[in-house]
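The values are calculated or read from the model by the stated rules, or taken from the named source; none is laboratory data. None of these values were measured; they are calculated from a predicted model. Positions of Cβ are generated from backbone atoms using ideal geometry, with glycine treated the same way; all protein chains shown enter the neighbour counts.
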Amino acid sequence: MSDPDVRKQIEELRQQINYHNYLYHTLDSPIISDYEFDQLMNKLKELEAAYPELITPDSPTKRTGGAPLDKFRKVQHPVPVLSLANGFGRQDILDWYERILKIDPAVANADYVLEPKLDGLTVVLHYENGLFVLGATRGDGFVGEDITENLKTIPSIPLRIPIRGDIKPPEQLVVRGEAIIFKKDFERLNAELAQRGEKTYLNPRNTAAGSLRQLDPKITAQRPLKIYLYQILISSDTPPATQRETLEYLEALGFPVNPLRWYAKTIEEAINICEQQATARLEWPYDADGVVIKINDLALAQRLGYVGKDPRGAIAFKYPGTEVETTLLDIQVNVGRTGVLTPLAILKPVNIGGVIVKQATLHNFDFIREKDIRIGDQVLVKRAGEVIPYILGPLPEKRTGNEKPFQMPTSCPSCGSKIQKEPGEVAYYCVNSSCPAQLARNIENFASRGAMDINGLGPQIIAQLIDAGLIHSAADLYTLKKEDLLKLEKFGEKKAENLLQAIQASKQQPLERLIIGLGIHGVGEVAARKLASTFHSLDNLSQADASQLETLEGIGPNIAQSIVGWFQQPHNRELLEKLKQNGVWPVEAEESEQLKSKPLAGLTFVITGTLPTLTREEATRMIEENGGKVTDSVSRKTSYLVLGAEPGSKYIKAVELGVPILDENQLKELIYKQSAG
C-alpha cells in the first residue's frame, strides 16, 4: 500500500498542475515556464507509475490519450441540443424580432447578449459532483457520439471542477460548448506537418471536428484544440436567470468562456453591433461566420419555445459566405432516381475557404436561362459553411466572344425519351421507369423494404442482372429463371432458389407497397396508402383524372398531375401490363364496418425515431390494422406521437403542442386496453 505522504504529494502535484493549466489555457496568463511545468508533470507521472493504485480519472496525466477505440458509443442527450435559425442582415433580424414580439409582448423590454458564432464542433460535457464523466458530440440534437477520451485531451476542459471560495459545483451539471482551433495554431500545425512530410489540413473547422472524432485519443492529444462553453443544459442547482450571468457563472467555476461578447439593451443596438463586427471579425483569433443574438432573460427565451430544431429566443446574424471567381468549363445534365434532370456546373478547380471546388450546383434550368449563364463564362461561386457550392451568376464584362449558350435538352440524355415539366414546377423529368440512368435505382426502390420487400435483391445483384441483360424493367424480375441466375458470378443453387422464392413471395404484397415501388414522383408511403384505399386497384388508379386525385387528403395539384403523367407514359403502361401478366396485381378490399369498430378507430398517430422491435412499416401496419390512421406531420389533431430512438423535429413539435407521447410498449398496451374495453 502507498504511504500517506506519497498520497499527499500526488494530490498537491495535481492541484499545482491543474492550477497552472487553468492559468495557461483558460486565462492565457502563465506564471511558470514550460520547463517548470514539464518538471511537475514528469514528477507526477513517476509517482503514479510507482503507485498505480493512486491514479484517479481526473489526473492531469489522463490528458495524453488512452487506448484506441473500436467505435464511438451512441449517447442520448438529457435534453434536445438545438440548432440556430439564421438571419442574413438587418431586415432578417427585425423580422425575427417582430415574430417573437407577437408571441410574447415581454420581448419589447428584452435585452440581449451577443457572442461570436464559432465555426467548430458542438460538444456536450457532463459533470457529476464536479468530476468530468462524459463528453459527446451534438449529433442530430437528440443523440450524439461518446468522445469522452478525446475531450479529456483538451487542456482547457477541467477534469474536475475545483471548489473556489464559496462557489461549489452542482452535483449534476451538463454544459454545452464549441471545440475550435485558433487560426495561428492551425497554421503552426500545418507547418509542422509539412516539415515532417505529412498531409496538411484544409481549414481549422474540419480539423477540429476530425480531431475529436478520431478513434485514437493519442492523435487528438496532438491537436491544438480549445473550447469555449456558453450554455447550461442541466443543473441540479438553480441555474442563473440570464445568459450574461450564465457566462459569468461558468467562468467562476473555472470553465473557459469566450472573452469576446457584447451586451445590448435593445434589438437596434444588437443589430448595430453585428454590423460593426462584419469587418472586425476578420481579426478574431478563430474562424466565425456570424454573431449569435440571444435574449438575455432565459425564462423569456424558454417561454418563446422552438420552431423545428431552432429556439425562438436566439438567432444567428450570418455574414456573407466566401465568394470566388473561376471558369465554367461545362454544364453536365444528370438524371436522378426519380427522373429529375439537374444541371451541374463543371468548374476550373478553385480553393474556397480551404476546400478545392470542382463542381457546383446551378439550381435549375430556369436559373441558367434567367442569368444567361454560358459555357466558358467567368462565374462567381459561393460556398457558405457546409452548403454545397453554387453559382451566383456570370461576369458578362469578362466575356471574350468564345462563350457558348447552354442548349436545354428536349429528350433524356440517358434513354432518349421525351422529357416533361410539371405545371408550376421548375424541374424537368424523364418519367420512363425503364430509363437506363434510373433503372438500377428504380429497381432498388421497387425491391426495397418499404415497397415490395424482395429479400436478397440488393444493389450488387441488381447491377449483375442489368449488366447480363436479364432485366430491363422491374417486371422482368418475375420472369427470371434459375438457369439464368446460375450463369452469374457467385450464384449457386441455394442463392438462386432463395432469390426466386423472395421474388415470388413479393407478389403477396398489398397494393400500397406496389404503388410505392413504382416510384411515381411525389408519392410516398402516406399518399400510396390513400391511393390504395381509395381506388383499390391499379386498373382504377390508372383511369383517374387530376380532379379526382386532388379531392384526396394530401394530394395536391402537382402530385395529382405527376400521377396522371406517369400512367400516360407508354413505357410505364408497358411495365404495368407485364406486371399484370406475371401475376403482380394486388387488389385492395373495400373498408369494412368491422375495421371501423377496431380499437384505434378515429385516432391519428405520428411515428418518429427508431422503435426497439418494430420497423416504421410494421408499426404503421399495426396501427392501421387496428383502425388507426398514421400521418407524416404533427398537428393539434394528432392523437398520439409514437416515439423511438433518435427522433426528429416531430418530437419537439409534439411537446410544444402537448400531444400525448407513447413508446412502442405503450402503443401495444393502448391497443390491448382499447380492445379489452
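Of everything in region 83-121 that is among the β-branched types (Val, Ile, Thr) and crowded, with 19+ Cβ neighbours inside 10 Å, the residue that is nearest to GLY609 (Cα to Cα) is ILE100. Here THR246 passes the criteria (1) in contact (Cβ under 8 Å) with a residue 24 or more places away in the chain; (2) over 29 Å from the mean Cα position of the chain (by Cα) except the one numbered (2). For region 606-626, the criterion of a residue being in contact with a helix residue (DSSP H, G or I) (Cβ under 7 Å, 6 or more places away or on another chain), buried (at least 16 other Cβ atoms within 10 Å of the Cβ) and either at pLDDT below 85 or farther than 26 Å from GLY517 by Cβ (or both) is satisfied by no position.
Within this structure, GLN460 passes the test of being without any contact (Cβ under 8 Å) to a residue 12 or more places away in the chain and either surrounded by fewer than 12 Cβ atoms within 10 Å (Cβ to Cβ) or in contact with a Phe, Trp or Tyr (Cβ under 9 Å, 6 or more places away or on another chain) (or both).
Just a yes or no: is a residue in region 80-90 touching a residue at least 12 places away in the same chain (Cβ under 8 Å) and assigned to a strand (DSSP E or B)? Within region 80-90 (the criterion being touching a residue at least 12 places away in the same chain (Cβ under 8 Å) and assigned to a strand (DSSP E or B)), the answer is yes, since at least one residue qualifies. Close contacts from region 199-213, counting a first residue that is at positive phi and a second that is assigned to a helix (DSSP H, G or I) and buried (at least 23 other Cβ atoms within 10 Å of the Cβ), with Cβ to Cβ under 7 Å and a gap of 6+ residues or different chains, come to none at all. For region 463-509, residues that are β-branched (Val, Ile, Thr) and either surrounded by fewer than 16 Cβ atoms within 10 Å (Cβ to Cβ) or over 17 Å from LEU579 (Cβ atoms) (or both) total 2. Of the residues making up region 349-364, not a single one is under 30 Å from PRO394 (Cα atoms), surrounded by fewer than 15 Cβ atoms within 10 Å (Cβ to Cβ), more than 28 Å from the chain's Cα centre (by Cα) and of a type in the set (D, E, K, R). From the list ALA241, ALA270, ALA221, the one residue that fits, being modelled with pLDDT under 90, outside the structural domain of VAL357 (by TED's automatic domain parsing) and either at negative phi or of a type outside the set (Val, Ile, Thr) (or both), is ALA221. Of the residues in region 388-400, at least one is basic (Lys, Arg) and assigned to a loop (DSSP other than H, G, I, E, B). Is it the case that region 97-120 has a residue that's at pLDDT below 85, among the acidic types (Asp, Glu) and not assigned by TED's automatic domain parsing to the domain that holds GLN277? No: zero hits. Consider region 210-238 and keep the residues that are surrounded by fewer than 17 Cβ atoms within 10 Å (Cβ to Cβ), part of a loop (DSSP other than H, G, I, E, B) and of a type outside the set (D, E, K, R). The one that is farthest from the chain's Cα centre (by Cα) is THR238. Got at least one residue in region 629-638 being acidic (Asp, Glu) and either farther than 23 Å from VAL523 by Cα or buried (at least 17 other Cβ atoms within 10 Å of the Cβ) (or both)? No, region 629-638 contains no residue that is acidic (Asp, Glu) and either farther than 23 Å from VAL523 by Cα or buried (at least 17 other Cβ atoms within 10 Å of the Cβ) (or both). Among the residues of region 510-517, is any surrounded by fewer than 19 Cβ atoms within 10 Å (Cβ to Cβ), at pLDDT 85 or above and under 30 Å from GLY628 (Cβ atoms)? Within region 510-517 (the criterion being surrounded by fewer than 19 Cβ atoms within 10 Å (Cβ to Cβ), at pLDDT 85 or above and under 30 Å from GLY628 (Cβ atoms)), the answer is yes, since at least one residue qualifies.
Somewhere in region 131-154, is a residue in contact (Cβ under 8 Å) with a residue 12 or more places away in the chain, among the aromatic types (Phe, Trp, Tyr) and touching a Pro at 6+ places or on another chain (Cβ under 8 Å)? Looking for residues that are in contact (Cβ under 8 Å) with a residue 12 or more places away in the chain, among the aromatic types (Phe, Trp, Tyr) and touching a Pro at 6+ places or on another chain (Cβ under 8 Å), one finds at least one in region 131-154, hence yes. Flag set for PRO557, criterion: over 26 Å from LEU477 (Cα atoms) and touching a residue at least 12 places away in the same chain (Cβ under 8 Å). For residues in region 252-276 being among the polar types (S, T, N, Q) and in a helix (DSSP H, G or I), which is nearest to ILE227 (Cα to Cα)? Out of the qualifying residues, it is GLN276.
One line per residue, one yes/no per condition, for (1) under 29 Å from the mean Cα position of the chain (by Cα); (2) within 21 Å of LEU488 (Cβ to Cβ); (3) modelled with pLDDT of 80 or more:
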| site | (1), (2), (3) |
| --- | --- |
| GLU425 | yes, no, no |
| ALA447 | yes, yes, yes |
| ASP453 | yes, no, yes |
| GLY458 | yes, yes, yes |
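Residues that are of a type in the set (Phe, Trp, Tyr) and at pLDDT 90 or above were ranked within region 529-584; the one that is surrounded by the most Cβ atoms within 10 Å (Cβ to Cβ) is PHE535. Within region 315-348, the set of residues being farther than 26 Å from PRO409 by Cα and at pLDDT 85 or above comprises ILE315, ALA316, PHE317, LYS318, GLU325.
Please work out which residue is surrounded by the most Cβ atoms within 10 Å (Cβ to Cβ), limiting yourself to region 365-386 and to residues that are assigned to a loop (DSSP other than H, G, I, E, B) and at pLDDT below 90. Taking the candidates together, the pick is ALA384. Can you find a residue that is among the basic types (Lys, Arg) and surrounded by fewer than 17 Cβ atoms within 10 Å (Cβ to Cβ) anywhere in region 149-170? The answer is yes; a qualifying residue exists.
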